[in-house]
1. Under 26 Å Cα-Cα from LYS842, which lysines qualify once same-chain neighbours fewer than 8 residues away are excluded?
2. Which length gain, in nm to one decimal place, applies between ALA151 and ARG229 when the Cα-Cα distance is subtracted from 0.36 nm times their residue separation?
3. I need the peptides 397-404, 268-275 ranked by packing, meaning the mean over residues of other C-beta atoms within 10 angstrom, with the highest value on top.
4. Once you charge only the Cβ atoms, +1 for Lys and Arg and -1 for Asp and Glu, what is the size of the charge dipole of segment 266-337 about its Cα centre, to the nearest 20 debye?
5. Where does helix 837-851 land angle-wise versus the long Cα axis of the chain, in degrees 0 to 90, nearest 10?
6. On a C-alpha basis, how far is the centre of segment 630-691 from the centre of segment 340-393 in Å? Whole number, if you could?
7. So which of LYS76/LYS227; LYS76/LYS325; LYS325/LYS397 end up more than 28 Å apart by C-alpha?
8. From the helices alone, meaning DSSP H stretches of at least four residues, give me the mean residue ellipticity at 222 nm for the chain, per-run term -39500 (n - 2.57), in deg cm²/dmol to the nearest 500.
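Rule-based calculations on the coordinates, nothing more; no lab input. These numbers come from a predicted model, not from an experiment. Note: ideal-geometry Cβ built from the backbone for every residue, glycine included; neighbour counts use all protein chains shown.
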Amino acid sequence: MQQVDVAVVGAGFAGLYLLHRLRGAGFSAVGLEAADDVGGTWYWNRYPGARCDIQTTDYSYTFDPELERVWRWSEKYATQPEILRYLGFVADRYDLRRDIRFGTQVATATWDEAQHRWLLTTTKGAPVSCRYYIMASGCLSAPKPPEIAGAGDFKGEIYFTGRWPHEGVALAGKRVAVIGTGSSGIQAIPLIAAEAAHLTVFQRTPNFAFPAHNGPSPADRVAALEKDRADYRAQARLSLTGVPLPRATEFSWQLGEAERRQRFEKALAAGDLVAMLSQLWADQGGDLEGNALAADLLRERIHSIVKDPETAEALTPRDHPFGSKRPCLETNYYATFNRPNVTLVNLRQEPIQAITASGIKTDRRSVDLDVIVFATGFDAMTGAITSVHPIAGRGGKSISDVWADGPKTYLGLTVAGFPNLFMITGPGSPSVFSNMVVSIEQHADWVVDRLVGLREAGFTAIEATETAQAGWARHMADCSQLTLHRLANTWYTGANVPGKAPGLMPYPGGVGPYRTICDEVVSRGLLGFTLSGPNGAAQSNDGEIVRLQPDVRLVLGMLAELNLPPLESFGAQGLRAFVAQFNATRPAGRPVGEIVDGTLAGADGPLPYRLYRPATPGPHPIVVYFHGGGWVLGDEQSDDPFCRDLCRRSGMIFLSVGYRHAPEHRFPTAAEDGYAALRWIAEHAAELGGRAGPLLVAGWSAGGNLAAVTCQLAHDRGGPAIAGQLLVCPVTDCTFDRPSYNDNAAGYFLTRSLMYWFWDLYCSPADRTDPRVSPLRGRLSGLPPAFVATCEFDPLRDEGIAYAEAMAAAGVPVEQLKARGHFHSSFTMVDVVMTSVEGRIKMAEALSRFAGQGQQEAIPRAAE
Ligand code: NA7
């Protein structure tokens, strides 16, 4: 029995770095590697054309500046042999081979609860007893079986790209088939076509591919790296993909067609996956319409290269958004289909019936072959863990059973019920959505640092809690709403393996955010982990690490970095100026049919308004809208993106009222202005382009307060008629003792003290129970139907809910939206807090119901 502190499976990028770190931290470790040398992925994938497709400036270890100095890559995208040489060089330089048992597979792994150790049996040599067990077995290391009937009958040669013979394969003069057109197929096909007598490509799904433009590393990238390596690497670690390229910030609808094409051509010329995936426009990755603009340009390019229109169309992806399936870099791929010795078989039109002794038979033809190459991919991510060997955790539970419905992990690093087991780039971590080397180093560092911490604290076991794990799954699902991956069947979602549970496996929230979350787990006392040690020592810190929506977390993080003083300290004028400046930097809302600025009659003189008219033919129902700002801030334009968005979604006129503000005009001015505006709008509805019939009323925050009050005044004072009220995070009452006021008192932008200040400026304590400022205290029966939206992390949450419940109790039809993980500004930060889209869709649907109409503008849900 070999006794070590740590056993590591795999000697690729992850395993090698782990062994180096573990040794440096004073742990005894053994690496167990099935192959007879180091390399991992780059040991096995030796097919013609195999290269990395993250640039070598970035696809490198960064842990040792000296290593970066002594190793020079020869190309922008290195070949497999060069990457294998690099990993051999690293193994030699740090003398790692002496800790690795090559040609050795782990046969079983079993947790020994009494000893707090893992017991490993192996296919060669002594079994291993280790305190910690780390799977550094990669993400794409378990090739899929052929899956096609008759593969065993074929009399010719069969090869898998992921298990290519070391001595190479002679293809000259042979009739060759390649099945599969993922990255491997797309890299191999041009080289195989150049050598074989004839190549037949069997394609099930065409992929988006664009040129690699391989050659020397681009001078600008090298210059950026060499100018300040440490800074470049630091930026990579905090970037979304592990490559420090800034994302586009302009939205597609802000760019003209010429500008979009120019950006596309620039990304095309860069020959870089990350550039094409992130630098076109801000909405290319998360919005179907923005995505389609990019996809169309890529499709156009395929047709411009491939001469035969039918072949070109067959090669053109139309069933998934660009980027939702792994796009590929290509070198002569499309041009290869212009060669006379290359045939494309479109399996969507003629599926393979069987592989026969002489070749492949489809519904329409039989192709005689000497060689079949399977470029059919891998049982990705989970397969790299479960297919290695059975893993039995606490109580003998098998990880394959625990994951039967899809992988369950905490941080993609650990699994509840499997103490002291770690996965490097496991499912639930950024892994294949990132530059793998950056993610590998982050995971290896995080794990080794934890082991050091446990050793120092005298603990011998660490295990994720079920709560933490469930919270992580929810956070993953929240993140995936920001991408289009859920709309495609891919190996990211397990769809390529028959019978595999569906679900997005890599973490889609980005490398930098993920790193900060892992660090936060540590700074919050290993939140989500139970630690135990000899003699019953134990520490459990149960909880969920991310309860905010992912984009809310980013927004609040950025606001926190501004280190602003309490907003009320600016004073009313100062804060107005600050808000104006803040609003100037936000994304401009999408175009609507028309915007008209005008003046209406308020309670005591003219008031400005802004009218948003839909592009659809009128007349339209009118929504009278009251902006937010604590009765002190804002104006008829300050909720511009929100009004545009709801105008488009509901197909209604939004008329935003410029009511007067405190402290210049204290209670009840705003309320009376609101009511006067309502009356004026009702009287002038037809000339404003409004449909005959009752108005609707909406508002956010203090504007939600005014909307609620206006409905009460209209009811009490005999009109005008209101068909429905939309109250978004409304102020409804003057008592501040509901739990949300304390739970969310600080840290979520709208603070308790800011609310106190707003109240003080607007309304004297003696007046505060007046229903014109505390509508919760008003007469509620007979009010128009309501939709009340509240946000979990908002001081105003509970008074919004209280108002909804009180109205319902008084017989008013009420629908509530309690937005999980959101903060006070989530709904109005259109195109910033993207996860709030679903809520705005519901608001528009409610307005349509109130107005007795179907939704006007069909904005597909999936486009959000
Ligand atoms: P991929 O990307 O999974 O590609 C596999 C290809 O094989 C893909 O075109 C599949 O079509 C096709 N395939 C898989 N099974 C079948 C069957 N049964 N019949 C016909 N065609 C099939 O693997 P790669 O090795 O190319 O790339 C893996 C990753 O390595 C890559 O994404 C980079 O991250 C690096 P499908 O699309 O499933 O219809």
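1. LYS818
2. Details: separation 78, 0.36 × 78 = 28.08 nm, distance 5.01 nm.
Separation in residues times 0.36 nm, less the Cα-Cα distance, equals 23.1 nm.
3. By packing density, highest mean first, the sequence is 268-275, 397-404.
4. Details: 7 positive and 11 negative charges, 44 e Å.
The dipole magnitude comes to about 220 debye.
5. Taking Cα atoms only, the helix is inclined about 40 degrees.
6. Segment 630-691 and segment 340-393 have Cα centres spaced 62 Å from each other.
7. LYS325/LYS397
8. Values: 26 runs with 285 residues, N = 864.
After summing the helix terms and dividing by residue count, I get -10000 deg cm²/dmol.
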